[in-house]
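The values are calculated or read from the model by the stated rules, or taken from the named source; none is laboratory data. None of these values were measured; they are calculated from a predicted model. All Cβ positions, glycine included, derive from the backbone under ideal geometry; neighbour counts span all protein chains shown.
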Amino acid sequence: MSRLIKRPKFMKASAKSPNPFLAIFWGGLLCGVFDITQAFTAWGLMGIQPVRILRHIASGLLGPKAYHGGTGTAVLGLLLHFVIAFGAATVYYIASRSISFMTEDAVISGLLYGECVFLFMNFVVVPLSRAPKGHFTLATLITGPIGHTVLVGLTIALSVRRFAPASLSSPAMTSSGAAGGRA
């Protein structure tokens, strides 16, 4: 069936021609969609409406007044969420150009990266932002250490591996560090 559907040229990538744009685009987009969906679900189970979640994200920039904002504030929150998602995908892609393990073992790398993103967001970004400080809840556990490993890190890692695999001709990309396998 997949042979019947032709992919446009811009969606193709190979080891000969990695496509950083597609790696970052799909990694960031899928990560952002999956992450916000699981946040809406987990926090929704606690009675929190999606618009409040988006306003909370916007509060990182606007402070507590974001909770009294309207649709524009929620849209800002969604935009900021995707800026962070695309930023995480960009960081992973850049790091994967120097650390071959990140594309060779994308599953393990992605799971670890997702946890690193969670820790960085909670112990660096949020404390430095204007967002009110929250507390750890079941929803935090679901969306954080559990959700970030699979829905953020793994999604980004698999996108980078798919669209921009490490080039074996690059010295930094080989396991031995030698170009073309030469010692």
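Report whether or not Gly153 is surrounded by 23 or more Cβ atoms within 10 Å (Cβ to Cβ), at pLDDT 95 or above and touching a Ser or Thr at 6+ places or on another chain (Cβ under 6 Å).
Taking the combined requirement at face value, the residue does not satisfy it.
Within region 169-180, identify whether any single residue is assigned to a helix (DSSP H, G or I), modelled with pLDDT of 95 or more and either touching a helix residue (DSSP H, G or I) at 6+ places or on another chain (Cβ under 7 Å) or under 21 Å from Met46 (Cβ atoms) (or both), and answer yes or no.
From region 169-180, those assigned to a helix (DSSP H, G or I) are 171-173, 179-180; that's our starting set.
With the extra rule that they be modelled with pLDDT of 95 or more, the set shrinks to none.
No, the conditions are met nowhere in region 169-180.
Could we say that Ser109 is in a loop (DSSP other than H, G, I, E, B), modelled with pLDDT of 95 or more and hydroxyl-bearing (Ser, Thr, Tyr) here?
No.
Which numbered condition trips up Gly114, out of (1) under 21 Å from Gly60 (Cβ atoms); (2) at pLDDT below 90?
Of the numbered conditions (1) under 21 Å from Gly60 (Cβ atoms); (2) at pLDDT below 90, the odd one out for Gly114 is (2).
Suppose the filter is surrounded by 16 or more Cβ atoms within 10 Å (Cβ to Cβ), on the phi < 0 side of the Ramachandran plot and of a type in the set (Val, Ile, Thr); does Thr137 pass it?
no
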